[in-house]
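K.L.:
If you scroll down you'll find the structure; I have some questions about it.
The values are calculated or read from the model by the stated rules, or taken from the named source; none is laboratory data. Here the structure is a predicted model, which is why all the values come from computation and not from measurement. Here the Cβ positions follow ideal geometry from the backbone for every residue, glycine too, while neighbour counts run over all protein chains shown. Heavy atoms of the whole protein, side chains included, go into the accessibility calculation; ligands, DNA and RNA do not. Shrake-Rupley method; radii C 1.70, N 1.55, O 1.52, S 1.80 Å.
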Amino acid sequence: GDVRRTVRLRLGASYPLDGGPRLGASVSVDALGRGGGEIGDVNVSRGLPLAPDLNASLGAAIGLGSARHMQAYYGVTEEQSARSG
């Protein structure tokens, strides 16, 4: 089936750790309740100065999704399975 359009509301925060890296996290919800579920991530990053007016960032993150989000975007319904044979 089609994924219904919605508006997502995202809340995020980050915290500087000793030595320069930053720890961050965010959560995003389906603000209109249209079955999109919730998603979130946890990340760590570090800024790298390249020149006086130029910086780069290097980081890693892990993403999470609620069962409702995973079904809406990656799941296959019984009807879709039957149609595909």
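K.L.:
Among Gly36, Gly65, Gly47, which one moves the most in a GNM of the chain with springs linking Cα atoms closer than 10 Å?
P.N.:
Greatest mean-square fluctuation among the candidates belongs to Gly47.
K.L.:
Using only protein heavy atoms and a 1.4 Å probe, report how much of Asp30 is accessible, in Å² to the nearest 10.
P.N.:
Rounded to the nearest 10, that gives 20 Å².
K.L.:
Right, another one. Output ³J(HN,Hα) for segment 30-35: one whole-Hz value per residue in order, computed from phi by the Karplus curve 6.51 cos²θ - 1.76 cosθ + 1.60 with θ = phi - 60°, and x for Gly and Pro.
P.N.:
6, 5, 9, x, 9, x
K.L.:
At a 1.4 Å probe, what is the % contribution of carbon and sulfur to the accessible area of the chain?
P.N.:
Details: 3820 of 6720 Å².
After summing per-atom areas, the C and S share lands at 57 percent.
K.L.:
Here's another thing I want to ask about it. Considering only DSSP states other than H, G, I, E and B, which trypsin sites (Lys or Arg not before Pro) in segment 7-52 qualify as loop sites with at most 16 other Cβ atoms within 10 Å?
P.N.:
For trypsin sites (Lys or Arg not before Pro) across segment 7-52 that sit outside H, G, I, E and B with at most 16 neighbouring Cβ atoms in 10 Å, the list reads Arg34.
K.L.:
Just checking my list (1) 42, 26, 18; (2) 58, 28, 23; (3) 43, 31, 28 against Cα extents along the principal axes in Å computed from this structure; which label fits?
P.N.:
Checking each listed value against the structure points to (2).
K.L.:
At a probe size of 1.4 Å, how large is the accessible area of Ile62, to the nearest 10 Å²?
P.N.:
The value for Ile62 is about 100 Å².
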